[in-house]
Amino acid sequence: MLKDQTTPAQEDGFNTRLLRAGRPHQGWVNTPVTRASTYVFNSVGEWRETRQRRDQERLASYGARGTDSTYALEDALVLLEGGYRAKVFPTGLAAIAMVFLAYLKSGDHVLITDGVYEPARALCAQSLSRLGITHSFYRPDGSDLAEKIQPNTRMIYAENPSSLIYELMDLRKVSALARQHGCLLVVDNTWGSGILHQPLALGADISLMAATKYLSGHADIMMGTVVTTKEVWQEMETVQVNYGQTVGADDAWLMLRGLRTLPVRMRTHQENMLRVADWLRNDPRVTRVYAAGLAEGEQAGIFQRDFKGSNGLVSVEFKADISARQMEAMIDALRLFGIGASWGGFESLVVPMNMVSARSLSDWKARGAMCRFHIGLEEPADIIADLQQAFDAHLS
């Protein structure tokens with residue numbers, strides 16, 4: 001008889017439990033792919049009973065509501081984020097949109113961090129406004145949140161740390177403020193990827209991620225995830241069904257496989273990023289290096305208390321006498337860095353940054369040229385050598 005290695009024990013460490021989460025099939029190391037659209041039943045009574053119960057229970061009834069493949073991934077996500085239930089969506093932006101549609105209605109107001117992922121900013125301006133939902137922005141550290149809450153504010157939407165320059169907020173304080181005013185707290189946890197940061201444990205109601213990034217880890221899957229507390233779960237269940245949002249079994253299987261190596265990948269991304277960041281900070285052509293793991297002062301305290309480490313993201317602001325054209329020539333000269341908007345895969349990437357369009361509450365017009373690096377799993381010495389030759393060729 002095979003040993004039961006599918007159910008993680010509560011006394012096991014987190015990484016050990018993550019290796020076994022979502023493994024319902026005894027004997028298989030990887031959960032088999034279940035490709036299915038139609039489920040058939042033994043009787044009309046069984047069919048009817050399943051349909052009556054499926055909105056409250058996770059029951060196999062139709063492929064759009066889930067298969068063994070998506071259920072296994074959901075179970076792993078619940079462990080990763082420390083929540084009640086999970087849903088998966090075709091992209092990270094789809095997950096964001098579904099959260100807005102699930103919990104907001106015409107006449108509601110949502111407060112959005114000024115450090116939000118730029119497509120989410122566009123979603124609010126172009127789509128939420130058409131539904132009669134208003135929004136306004138608050139500082140990425142949350143320092144002006146209290147004064148911006150309105151009588152009809154239904155949701156506070158956070159991203160911790162912020163996009164591009166990684167400002168941190170104290171989610172414990174923000175969640176207490178949200179409860180005081182009857183607001184839902186939603187956190188984009190893509191940076192933290194569940195393994196580095198768990199917003200639900202700090203008081204958030206909903207945590208969402210672009211699983212396209214680190215959860216996949218191999219730059220070959222598009223997916224978004226949402227994990228909630230028990231109290232707010234039903235609205236997410238309803239919106240997923242009503243909008244027919246789901247993912248294919250093969251993508252769910254690949255994502256679950258990628259999760260198994262998440263802890264070891266994140267450790268290497270962090271080690272490589274810190275070595276590269278140290279080199280960047282000592283280069284005379286650089287004004288400032290931005291990374292959550294390099295936070296100072298009060299923000300350093302937040303990072304040390306609420307995060308378990310850093311990822312591979314680091315942004316650079318160059319001296320004022322270095323033009324955007326020079327910076328772009330430097331980027332073109334890099335050998336190991338692909339030029340691409342995503343991140344979280346095994347490869348190093350770089351993109352120019354436009355903080356003027358990315359922020360509403362701060363003025364970046366007089367600042368130096370900026371770019372964002374994702375430090376991959378290459379040898380850090382090779383990455384630094386590549387940066388050195390490109391800097392010397394175009395930034396001198």
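The values are calculated or read from the model by the stated rules, or taken from the named source; none is laboratory data. No experiment lies behind these values; they were computed from the predicted model shown. Every residue, glycine among them, receives a Cβ derived from its backbone with ideal geometry; neighbour counts consider all protein chains shown. SASA here: full protein model, heavy atoms, side chains in, ligands and nucleic acids out. Shrake-Rupley method; radii C 1.70, N 1.55, O 1.52, S 1.80 Å.
Once mean projected area of the Cα convex hull in nm² is worked out from the coordinates, which option in (i) 18.0; (ii) 25.1; (iii) 21.6 does it equal?
Label (iii) holds the value from this structure.
Please check: in the Gaussian network model of the chain (C-alpha springs, under 10 Å), which one of SER136, SER127, SER163 has the largest mean-square fluctuation.
SER127
Using amide H atoms built in the peptide plane, which far-off residues or other-chain residues are under 5 Å from THR287 H to H?
Excluding prolines and chain starts, which carry no amide H, the hits are GLU317, PHE318, LYS319.
Could you give the dipole magnitude of the chain about its Cα centre, charging the beta-carbon of Lys and Arg +1 and that of Asp and Glu -1, in debye to the nearest 20?
Approximately 680 debye in magnitude.
Do you know the relative contact order of region 106-232, to the nearest whole percent, from alpha carbon pairs under 8 angstrom that are 6+ apart?
Over region 106-232, the number comes to 20 percent.
What share of the DSSP beta bridges in the chain is antiparallel, in percent to the nearest 5?
55
I'd like the orientation of helix 249-260 relative to the chain: the angle between its Cα long axis and the longest Cα principal axis, in ° from 0 to 90, rounded to 10.
It works out to around 60 degrees.
Does region 263-392 come out rounded, prolate or oblate by the C-alpha gyration tensor, with a ≥ b ≥ c the root eigenvalues, rounded set by a/c under 1.5 and, if not, prolate when a/b is larger than b/c and oblate if not?
Because a/c hits 1.5 or more and a/b fails to exceed b/c, region 263-392 counts as oblate.
Restricting to Cα pairs below 8 Å that are 6+ residues apart, what does the relative contact order work out to for region 330-383? Please round to a whole percent.
36
Compute the distance from the alpha-carbon center of region 55-76 to that of region 308-372, in whole Å.
Here the answer is 40 Å between Cα centres.
State, to one decimal in nm, how far the label point of LEU59 lies from the label point of VAL44, with both points 7 Å from Cα in the Cβ direction.
That separation, rounded to one decimal, is 1.7 nm.
May I ask you to list the GluC sites (Glu not before Pro) in region 219-274 that are in a DSSP loop and have at most 12 other Cβ atoms within 10 Å of their Cβ?
Answer in residue order: no site qualifies.
Compute the long axis of helix 92-103 from its Cα atoms, compare it with the longest principal axis of the Cα atoms of the chain, and write down the angle in degrees, 0 to 90, nearest 10.
Its long axis makes an angle of about 60 degrees.
Name the residues of region 307-329 whose amide N is less than 17 Å from a point 7 angstrom out from the Cα of SER396 along the C-beta direction?
It comes to 322-323, 326-327, 329, nothing else.
Kindly write out, for region 178-185 in residue order, the coupling ³J(HN,Hα) from the Karplus curve 6.51 cos²θ - 1.76 cosθ + 1.60 (θ = phi - 60°), rounded to whole Hz, with x marking Gly and Pro.
Once rounded to whole Hz, the list reads 4, 5, 4, 9, x, 9, 7, 10.
Starting from the 7 Å offset along Cα-to-Cβ, what nm value, one decimal, do you get for the label separation of VAL232 and ASN15?
3.2
Give the accessible surface of region 54-202 per residue, rounded to a whole number of Å², with probe radius 1.4 Å and ligands, DNA and RNA excluded.
Accessible area per residue: 34 Å².
Label-point separation (nm) for VAL29 and GLU378, each offset 7 Å from Cα along Cα-to-Cβ?
Between VAL29 and GLU378, the simple spin-label model gives 3.0 nm.
What is the percent carbon and sulfur in the accessible area of the chain, measuring with a 1.4 Å probe over the protein chains and ignoring ligands?
Accessible surface attributable to carbon and sulfur in the chain totals 50 percent.
Short version: ³J(HN,Hα) in whole Hz for each residue of region 349-360, in order, from phi by Karplus 6.51 cos²θ - 1.76 cosθ + 1.60 (θ = phi - 60°), x for Gly and Pro, what are they?
Each residue of region 349-360 in turn: 9, 8, 9, x, 10, 10, 6, 4, 7, 7, 10, 10 Hz.
Only Cα pairs within less than 10 Å get springs; with that Gaussian network setup on the chain, which residue of SER43, SER362, SER69 has the largest fluctuation?
Highest fluctuation of the listed residues: SER43.
Restricting to Cα pairs below 8 Å that are 6+ residues apart, what does the relative contact order work out to for the chain? Please round to a whole percent.
The normalised contact order for the chain reaches 16 percent.
If you line up the long axis of helix 324-333 against the longest principal axis of the chain, both from Cα atoms, how many degrees apart are they, to the nearest 10?
Rounded to the nearest ten degrees, it is 70.
Springs between alpha-carbon atoms under 10 Å, Gaussian network over the chain: tell me which of GLN56, GLN270, GLN240 tops the mean-square fluctuations.
Top of the fluctuation ranking is GLN56.
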